[in-house]
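Worksheet for the structure shown next.
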Amino acid sequence: MAGSYANSGEYIKHHLTNLVYGQHPDGSWGIAHGADEIKEMGFWSINLDSMFFSIGLGCFFLWIFNKAAKKASTDAPTGLQNFIEMIIEFIDDSVRGSFSGKNPLIAPLSLTIFIWIFLMNFMDLLAVDHIPGLAALLGIPYLKIVPSTDPNVTFGLALSVFVLVLYYSVKMKGPGGFFAELAFHPFPKFMMPINLVLEGVTLIAKPISLALRLFGNMYAGEMIFILIALMYTGGWALGLFGGLLQLGWAIFHILIITLQAFIFMTLTIVYLDMASQTAEH
């Protein structure tokens, strides 16, 4: 597929562009066919590919776990049941090790975050040309199949966690206690403005770091796969070397996609635990 573009820059740009739907300057609504049109659509445009794959993978997650739950058996457990029980036990151990309070939401939330992000990251292991190439044959100009390479998705996840952190902070200690935590620490009360700035920056940095860490790692991984794919246009020798690099990077990337899902989940647990601990003290 790389050979069908005028140069490598166009190939890379195409594979890093989302399928965007929004309002054109003339007032009509439709799909953007270039970077200029995407820029003109502004904030209220929608990345259709990110929405489709993220929601689709979320539905797949619910379906496969629901299927395993319905067929669960203590006498003759299936391989799927054993695998899912192993994941649940892993998540349960992580929650017990990082969350000191009692909250029935934490374990299901952690499981959802870990599996959903892992599935979105796993799309990065599919060949970069196959699905976008099929989409091009169907007349779809752009298609990014890895939702976690879209900052809109990663920030959406991070902001959802941030809302929960704020909710439980206020719920556990009240608005006054939450404000006191921001205004009267770490310095004495007469330095309240400085405390508010420091604690405010620390609070806001939580969702930003969550979102950018996941986005940055997955975006970089996708870029490497795209660059390796370009090597197939350089002759059989360079293509063979590219194949070896692709295999090696794919094997290493399995660790990366799992680690990124685990880090996001663990930080979510830690942030919620910090909110609960602060309330108790």
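The values are calculated or read from the model by the stated rules, or taken from the named source; none is laboratory data. Quick caveat, the model's predicted, so the values are computed rather than measured. Here Cβ is always computed from backbone atoms with ideal geometry, including for glycine, and neighbour counts include all displayed protein chains.
Worth a mention:
Residues checked against (1) in contact with a Pro (Cβ under 9 Å, 6 or more places away or on another chain); (2) part of a loop (DSSP other than H, G, I, E, B); (3) among the polar types (S, T, N, Q):
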{"site": "L57", "(1), (2), (3)": "yes, no, no"}
{"site": "W63", "(1), (2), (3)": "no, no, no"}
{"site": "A68", "(1), (2), (3)": "no, no, no"}
{"site": "I88", "(1), (2), (3)": "no, no, no"}
{"site": "S100", "(1), (2), (3)": "no, yes, yes"}
{"site": "I115", "(1), (2), (3)": "no, no, no"}
{"site": "M120", "(1), (2), (3)": "yes, no, no"}
{"site": "V128", "(1), (2), (3)": "no, yes, no"}
{"site": "L134", "(1), (2), (3)": "no, no, no"}
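- Filter result for I204 (among the β-branched types (V, I, T) and either surrounded by 12 or more Cβ atoms within 10 Å (Cβ to Cβ) or not in a helix (DSSP H, G or I) (or both)): no
- Scanning the range 33-47 for residues that are over 19 Å from F155 (Cα atoms) and without any contact (Cβ under 8 Å) to a residue 60 or more places away in the chain returns G34, A35, D36, E37, I38, K39, E40, M41.
- Taken over the range 171-189, the criterion of being among the hydrophobic types (A, V, I, L, M, F, W, C) and assigned to a loop (DSSP other than H, G, I, E, B) is satisfied by F184, F187.
- Some residue of the range 53-60 being in contact with a Leu (Cβ under 7 Å, 6 or more places away or on another chain), at pLDDT 95 or above and under 22 Å from Y142 (Cα atoms): yes
- Residues in the range 62-77 that are β-branched (V, I, T) and surrounded by fewer than 13 Cβ atoms within 10 Å (Cβ to Cβ): T74 only.
- Residue among G97, G139, G156 that is on the phi > 0 side of the Ramachandran plot and without any contact (Cβ under 8 Å) to a residue 24 or more places away in the chain: G139
- L62, sole failed condition from (1) aliphatic (A, V, I, L, M); (2) within 30 Å of I224 (Cβ to Cβ); (3) free of Cβ contacts under 8 Å to residues at least 40 places away in the same chain: (2)
- Within the range 248-259, one or more residues are more than 30 Å from T112 (Cβ to Cβ) and exposed (fewer than 13 other Cβ atoms within 10 Å of the Cβ).
- Within the range 44-86, the set of residues being farther than 30 Å from G34 by Cα and within 19 Å of the chain's Cα centre (by Cα) comprises C59, F60, F61, L62.
- Candidate set from the range 100-113 (those that are over 17 Å from L210 (Cβ atoms) and of a type in the set (A, V, I, L, M, F, W, C)); member that is surrounded by the fewest Cβ atoms within 10 Å (Cβ to Cβ): L105
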